[in-house]
Amino acid sequence: MADYKKTVALEIGAQSVAMALFTPAGRGYTLSRYARRDILLDPVEEGMRIDYVSNAIKEMVAELKVSGSEVRNVVSGQQVFLRFIKLPPIEGDLAEQVGYEAQQQIPFPIDQIQYSYQELSDTPEGDKEVLLVAIKKDVLDNLNGQVEGNGLKTKAVDCSITSLYNAYRANHPEETDPVMILDIGAKTTDILFSENGRFFTRSVTAAGAFITNAVSREFKMSYRDAEQFKVAKGVVSLGNGHTDSMEPDEAALATCIRNAMSRLCSEVQRTITHYRSQYHGNPPSKVYICGGGARLPYVVEFLQATLNLPVEYLNTLGIMGIGPHVDADALQQDAVCMGPLVGAAVCAAKAGEFSIDLVPTSVGKDRAEKEQMPKVIIGGVIALIGAAIFAANTSGAAADAQKALNTAKKNVDAVESLDNRLSSIKGDYDKAMRDISKIGALYSMRSAYADVMRQLSERCASVQFWVSDFYPLVDYSVEDNTLSDSSEMKGTKLIDINSSRNASINSAINKAPEEGGTAARKKAPAITAIYLTGYTIKPVGDDKTTAQRQAVYDTIARGFDEHQEDSLFAFDTAKVQKDLNRYLQFVTAKSAKDKLPPYVEKFMLVMPLKNPIPIPELDPAENK
């Protein structure tokens, strides 16, 4: 049952900070006050973000008159890690299983992150599906410091993606058809799918800042000037003479924005394909758009024509009353950005489908102290009763005291016996959970290579090159190794190439003893990268071989960039460009027998995995 109470919600986005005060009204909420501050920074000014955010919060606290209030914070999707994890249908503590998966799925030590999770509907295969939301503790504590340093006290911290979903479901509780929501923010566009109780999301970098950077390059102006130019004059060109009546600069701007938006549409189409193939979802029947990027004129018409789907703005204020102190003109402009704030109010009323709470360190300590307080009070009461009993006994007969002592001793013996039994049960429980963890790890590994091969086949498709060999690499570090021909990469491949060709069962799971110290040999092996070889087609007589080499790099960079939520590879485009030879090399024939036709060139490619694939270690007795 909903519990409507006064709620202050704060959203800290990439280029804006917004705050709202919601008050109970009948069986719902009224938006009583609202404020927003834009934070427009050049990329070189990112170090000053903390000060700008802090000043914005301070101003809005005074404007809305909410100093001293508890606040529900919403952090932007780009600051969190979202993972969909599948758990085997086995009995056990779900929180403990999720904790184990968090250690495997998040690329930081577990003590450096704070996470929360939401259990989703079971998969068609019967697995439990869980949405894991994590954030680095230092980022979370830094944000919390800005909030509590300006007269507010953190009640809870949610993520903008799950908060927006709560707002959507509260406004459309009866909608069961497959729907897609595009939240076009500053740094990322969050793509959400809702289908008859199912949920999926993916974030892409084609968003507001991507468009602004395109404008900055096209018109050779600073990022700040490009953003102001986009906001003041920008529209999305619809083609077919749509810009003929515009001034030349405005027409060029509209075309530039259209080209950038086309990249977003490509990412959306790719995400739909991924959702349908990997999650067995249905294509969306409708698209809702929201976020700052949705305020560009003609964006609805452009998306509708490009995606060939009905598109409309997402109204999350339909369940809200609007108070007299809210600026109607400002709200009309910002209505498409209100989803995360409305979602925070819905969650505060315990009416949200998702309940994510990322707990800052200081808030966690306060909660722990409050939980301990009743125990301290009970302990004090027991101590007082004990003192009273002791005082009464000292005035009684010695026989009564001895009798009480004997009874106490029996009770102590009984407690010790019970404690020993509990310790034994706990030992059995811990062993069972370790076994469950091992089973869970093996379960998650069963599809690891299939997923890798599927993603490679989907995204490496090209008429300009093809892949011929695929080798998993064990404990391979791109930074510590030099990419070399397959015959020279000793001790790193899962199955040695030459031994495999000779039908030998010798493997190279661990490096040879002479290649590492004792510590290296004791370390559990894992597949950390994939080594590929392949060939490109080049025109006969072309000595530069630039075009086909660039085709290989462009395909890999576009398809496997680690910033794509569903990419399985840690392929950072900027890092790769800086040290390309460690990732991609083209092979020069060493002898006449290795020489290729003039229209063919061989390449080698190492692709580090985001999440290493562990290798089950065989029992020595079984290996014999």
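The values are calculated or read from the model by the stated rules, or taken from the named source; none is laboratory data. What you are looking at is a predicted structure, and each value in this text was computed from that prediction instead of being measured. Glycine gets a Cβ as well: all are built from the backbone with ideal geometry, and neighbour counts include every protein chain shown. These accessible areas exclude ligands, DNA and RNA; they are computed on the full protein's heavy atoms, side chains included. Shrake-Rupley method; radii C 1.70, N 1.55, O 1.52, S 1.80 Å.
Only a single criterion out of (1) assigned to a helix (DSSP H, G or I); (2) surrounded by 15 or more Cβ atoms within 10 Å (Cβ to Cβ) is not satisfied by ARG217, namely (2). Checking each residue in region 157-175 for being of a type in the set (D, E, K, R) and either in contact with a helix residue (DSSP H, G or I) (Cβ under 9 Å, 6 or more places away or on another chain) or closer than 20 Å to LEU10 by Cβ (or both) picks out ASP158, ARG169, GLU175. Among the residues here, ASN213 does not qualify as in contact (Cβ under 8 Å) with a residue 40 or more places away in the chain and under 30 Å from ILE161 (Cα atoms).
Screening GLY68 against (1) buried (at least 18 other Cβ atoms within 10 Å of the Cβ); (2) not in a helix (DSSP H, G or I) leaves a single unmet condition, (1). As a summary of the residue check, THR154 satisfies the conditions (1) part of a strand (DSSP E or B); (2) open to solvent by less than 30 Å² (accessible area, probe 1.4 Å); (3) under 22 Å from ILE436 (Cα atoms) except for the one numbered (3). Would you confirm whether or not region 599-607 contains a residue that is surrounded by fewer than 14 Cβ atoms within 10 Å (Cβ to Cβ) and free of Cβ contacts under 8 Å to residues at least 60 places away in the same chain? No, because not a single residue in region 599-607 is surrounded by fewer than 14 Cβ atoms within 10 Å (Cβ to Cβ) and free of Cβ contacts under 8 Å to residues at least 60 places away in the same chain.
Taking residues in region 223-245 that are of a type in the set (Asp, Glu), and partners anywhere that are assigned to a helix (DSSP H, G or I), the pairs with Cβ atoms closer than 7 Å and at least 6 places apart or on different chains are GLU227/THR212. A search for C-beta distances below 7 Å between a residue of region 317-339 that is closer than 18 Å to LEU10 by Cβ and any residue that is in a helix (DSSP H, G or I) and open to solvent by 20 Å² or more (accessible area, probe 1.4 Å), counting only pairs 6+ apart in sequence or on different chains, returns LEU317/ALA335; CYS337/GLY292. Is it the case that LYS230 is in contact with a helix residue (DSSP H, G or I) (Cβ under 7 Å, 6 or more places away or on another chain) and either among the hydroxyl-bearing types (Ser, Thr, Tyr) or closer than 26 Å to ILE39 by Cβ (or both)? Yes, satisfied. The set of residues in region 3-38 that are small (Gly, Ala, Ser), over 29 Å from the mean Cα position of the chain (by Cα) and modelled with pLDDT under 90 comprises ALA25, GLY26, GLY28. Residue count for region 322-343 under the criterion of being surrounded by 15 or more Cβ atoms within 10 Å (Cβ to Cβ) and more than 27 Å from the chain's Cα centre (by Cα): the result is 3. Under the condition of being assigned to a strand (DSSP E or B) and buried (at least 20 other Cβ atoms within 10 Å of the Cβ), the residues counted in region 281-313 number 5. Can ASP579 be described as modelled with pLDDT of 80 or more, open to solvent by 40 Å² or more (accessible area, probe 1.4 Å), within 34 Å of the chain's Cα centre (by Cα) and acidic (Asp, Glu)? For ASP579, the condition - modelled with pLDDT of 80 or more, open to solvent by 40 Å² or more (accessible area, probe 1.4 Å), within 34 Å of the chain's Cα centre (by Cα) and acidic (Asp, Glu) - is met. Of the set (1) part of a loop (DSSP other than H, G, I, E, B); (2) of a type in the set (S, T, N, Q); (3) open to solvent by less than 40 Å² (accessible area, probe 1.4 Å), all apply to ASN240 but (3). Selection of region 49-87 for residues being small (Gly, Ala, Ser) and on the phi < 0 side of the Ramachandran plot yields SER54, ALA56, ALA62, SER67, SER69, SER76, GLY77. Just one of the listed residues (ARG258, ARG276, ARG270) is at pLDDT 90 or above, touching a Pro at 6+ places or on another chain (Cβ under 9 Å), part of a helix (DSSP H, G or I) and surrounded by 14 or more Cβ atoms within 10 Å (Cβ to Cβ), and it is ARG276.
Filtering region 458-508 down to residues that are closer than 20 Å to VAL600 by Cα and modelled with pLDDT of 80 or more, which residue is least open to solvent (accessible area, probe 1.4 Å)? Out of the qualifying residues, it is PHE465.
For region 80-95, the criterion of a residue being within 30 Å of ASN150 (Cβ to Cβ), open to solvent by less than 10 Å² (accessible area, probe 1.4 Å) and of a type outside the set (D, E, K, R) is satisfied by no position.
One line per residue, one yes/no per condition, for (1) of a type in the set (D, E, K, R); (2) under 21 Å from LEU40 (Cβ atoms):
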residue: GLU218; (1), (2): yes, yes
residue: PHE229; (1), (2): no, yes
residue: VAL235; (1), (2): no, yes
residue: ASN259; (1), (2): no, no
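Answer yes if at least one residue in region 182-189 is open to solvent by 30 Å² or more (accessible area, probe 1.4 Å), modelled with pLDDT under 90 and among the basic types (Lys, Arg), and no otherwise. Checked against the condition, which is being open to solvent by 30 Å² or more (accessible area, probe 1.4 Å), modelled with pLDDT under 90 and among the basic types (Lys, Arg), region 182-189 yields at least one hit.
One line per residue, one yes/no per condition, for (1) at pLDDT 75 or above; (2) open to solvent by 90 Å² or more (accessible area, probe 1.4 Å); (3) touching a strand residue (DSSP E or B) at 6+ places or on another chain (Cβ under 6 Å); (4) closer than 27 Å to GLY92 by Cβ:
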{"position": "ASP357", "(1), (2), (3), (4)": "yes, no, yes, yes"}
{"position": "VAL363", "(1), (2), (3), (4)": "yes, no, yes, no"}
{"position": "ASP366", "(1), (2), (3), (4)": "yes, no, no, no"}
{"position": "ILE377", "(1), (2), (3), (4)": "no, yes, no, no"}
{"position": "GLY396", "(1), (2), (3), (4)": "no, no, no, no"}
{"position": "GLU416", "(1), (2), (3), (4)": "yes, yes, no, no"}
{"position": "GLY427", "(1), (2), (3), (4)": "yes, no, no, yes"}
